[in-house]
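All of the numbers you see were taken from the coordinates with simple rules; none came from a lab. Fair warning: this is a prediction, and the values are worked out from it, not measured in the lab. Positions of Cβ are backbone-derived with ideal geometry, glycine not excepted, and every protein chain shown enters the neighbour counts.
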Amino acid sequence: MSEVEVPAPLPRPAQPGLGSVLVGVFGGVLAVIRKDLLVEWRARAQVVALLGFAVVVLLLFSFAVGPDSMALARHAGGYLWLALLLSSTLLLARSMQNEVESGALEGLLLVPVPAASIFYGKALANTVLLVLVALVALPVDLAITGAAIVSPGVAVAVVVLGAAGVAAPGTFYAALTARVAGRQLLLPLLLFPLIVPALLGAVKATTLAMTGDPMGQVPSWLTLLLAFDLIYWSLCGLLFEKVVEA
Amino acid sequence: MTSRSYVAGAALSAIGFALLVVAHYLGLFVAPREAMMGDVGRILYVHVPTAWGALLFYLGAFVAAIGSLWSGRRGWDAATTAMVEVGTVMTFLLLVQGSLWARPTWGTYWTWDPRLTTSAVLAAAFGVVLLLRRLIDQPARRATATAVATIVAFVDVPIVYFSVKWWNSLHQPVSSRQTIDSPMMQPLLIAAVAVLLLGIGLSVLRWRVELARLLAEEAAPDLPDAPAPLDLSGASGAPRG
Amino acid sequence: MSSSTPVVQARDLCRRFGRRWAVARVDLDVQPGERLLIIGANGSGKSTLLNMLATLLPITRGSLRLFGRDPVQDRAEVRRRLAIVRHAHGMYEDLSARDNLSVRASLLGRRIDIPRLLEQVRLEDRGDPIRAYSAGMRKRLQLAMLQFEAPDLAMLDEPFSALDPAGCADVEGMIRALPGAVIIVSHQVERAGKLCDRAILMEQGLMRWSGPASQAWEAWRAVQRDDVRTGGGPAGATAAGGAP
């Protein structure tokens, strides 16, 4: 075999400036969010089914605990987040299945959108959907348990930060397991232990938003959630390319 | 080379095991009885080194995972797996020991002590990494999955610990441990070295076995020979159609 | 960009799956604007080769340059200039043709005249998800996308599979209209051969023959005769001490 002919170096295309790179990354993220939300909108029957699932889980919790209204109200925050967590694995798995089903992921990799943008786009879309599930599940939770929200601002912050805390590692693990046999089981097995801190923070802060916060503990829990989100949104964004190109 | 690291691994494990026996002889029969917990306190000599060891081997796995992801070399992949396995075994031991200690001390097998809870979460998080690994057949993809899952799980260690500690401190005081007297220090240190050596020895052995398995799995067969030139002259007639 | 840089330059290209060489020792050059046909039996390594050329599958050994660049280091630049149409169509089943085109255009960061493109592929009145589309409709849509992208290197894996004669004629016309280099993997040797300049024949991962596309059919026949004579492929041939 003769040695490889190395062609003369080509003139490189003009290096894009930082500004246009950022626009490219950001534009890619927006395009991916738009795509994911469009797919969910067109298949909205499945989203409705997901909302139904969350509600059913809440009902089951209330049956399991029984008609003890004190206990129900005390644990309303915990029920809410467990319902969200159980729904989230279905949502996350489906979002990645849409990509794998017809080879769309390969198509996505070939367009000039960086892998990190694909991750952030999908994770943000999943955050939006989880917030939507929470918006439906929260009133049902309140109705079933008899709890009430005393500080709505805190509740909104917790829902958004908590949904983001589930969505980032969830999207990441869904991609990691998308082509593995037994993914339906693996995704929750990987995800649930990891998000214990986010779950603790979200449940505590939600409970405080329902019962009031005389000791001023809410900021600590929100900080914990924020720190968890920052760490995993960065780390997963960094590692995502390795996962999808493998 | 290969056999030498097997010998080294076996030797380290043997020395570690011997030291463990010495440490426990000292801990069980020589060291003074613990003031508050009595003889139950002697579990300290196995429990604390196990905890240190588990964390240390997870740290090692984290470093190896970064190496594996960076280089794509199977040696790092095998090392990651070996240390995750050793760390997970230690975590399970830790859980058992912790429950045994908690029962006479706190009156219950399980309590939401930050250390105990963190161990439980870690055992689950890293145990699943090993499960994930078994379910992927393609070597490159498996190495990547193992590495990223290990990194993501390890980053969770401090977050879990502090969140549980925080969560706990708001309804019951965190269990405090007494400072350790010097006569108790000696067996503890020997036990720590023993667990460390035993862990390293087992990791080395496990690393070699895993690497040998990975290399056998991927052993490159010879490239097929260049094909014989195809003779078109015998082709009869025009293409059908 | 000099127009003489080969689009594909592969030297000793190899890919192994576990202990099996799916593709071995492939040397291949494709010039700009050239049309190459890859033929071979099922499992002969055609699709693996195509996926490597599309940067979707890492190579095990050898060297590959696309557009004169390294496909790993300059991945984004290389990918910008190539496109592949595979059996897995890469579109979203829950979206309509129109939605899929608009999603694709926004991902590419380009504007697209969707109504015109849909009219061209006779899908203008289909607003339902492509889940319900026939094989021919999906293929037309894929090719419409390919035409819109107008890549410097277009790769098509079995573009004629599952199509009726009219669908095949559609696809033929659309492939002819592609501006850049084209690589087609197909079992339809004659049909695809008419669209191509050159052909290669893969057998058990090896490139067994390379020549003008007009002789592809003869090569295909010859290799089958060869197999009958030697009891199956180059492995049989080498065991028997090479072809007579």
Cα gyration tensor of the range A:49-172 diagonalised, 5x eigenvalues square-rooted, in angstrom largest first, produces semi-axes 33, 15, 9
re chain B: pairs of Cα atoms spaced beyond 30 Å account for a percent value of 40
CD proxy, 222 nm, chain B: helix-only mean residue ellipticity via -39,500 (n - 2.57) per DSSP H run with n ≥ 4, per residue, nearest 500, stands at -26000 deg cm²/dmol
Between B:R103 and A:V56, the FRET efficiency computed from the C-beta separation at R0 = 60 Å comes out, to the nearest 0.05, as 0.95
From the cross-link list C:K46/C:K194; A:K242/B:K165; A:K242/C:K46, the entries with a Cα-Cα span beyond 22 Å are A:K242/B:K165; A:K242/C:K46
Listed by chain and number, the residues whose amide H is under 5 Å from that of C:R16, excluding neighbours fewer than 5 places away on the same chain and using placed H, are C:A22, C:T60
Across the alpha-carbon set of the range A:21-245, Rg over Rh with Rh taken as the Kirkwood radius works out to 0.99
Contour minus Cα-Cα span, C:R122 to C:S214, at 0.36 nm per residue, comes to 29.9 nm
For chain C, the longest principal axis of the Cα atoms and the Cα long axis of helix C:216-230 enclose an angle in degrees, to the nearest 10, of 40
Between C:T5 and residues 5 or more places away or on another chain, the pairs with built amide H atoms under 5 Å apart involve none
Rounded to a whole number, the Stokes-Einstein D of the range C:1-66 in µm²/s (Kirkwood radius over Cα pairs; 25 °C; 0.890 mPa s) is 197
Lys and Arg at +1, Asp and Glu at -1: neighbours of C:D157 with Cβ under 14 Å from its Cβ sum to +2
Extension length gain for B:W110 and B:A212 (0.36 nm per residue less Cα distance), in nm, is 32.7 nm
Convex hull around the C-alpha positions of the range C:89-150: the volume in Å³ per residue is 73
For peptide C:86-97, the mean count of other chain Cβ atoms within 10 Å per residue Cβ is 6
Averaged over residues of A:221-227, the number of beta carbons from other chains lying within 10 Å of each residue's Cβ is 2
Mean other chain Cβ within 10 Å across C:11-21 is 3
Ranked on Cβ counts within 10 Å of their own Cβ, fewest leading, B:D77, B:D222, B:D39 go B:D222, B:D39, B:D77
Going fewest to most other Cβ atoms within 10 Å around each Cβ, B:W112, C:W220 line up as B:W112, C:W220
At R0 = 51 Å the Cβ-Cβ FRET efficiency linking A:F63 and C:A150, nearest 0.05, sits at 0.25
Cα-based Debye curve of the protein assembly as shown sampled at q = 0.07, 0.10, 0.11 Å⁻¹ gives log₁₀ I(q)/I(0) of -0.63, -1.09, -1.22
Between the modelled labels at B:M185 and A:A143 (7 Å from Cα along Cα→Cβ) the distance in nm is 6.5
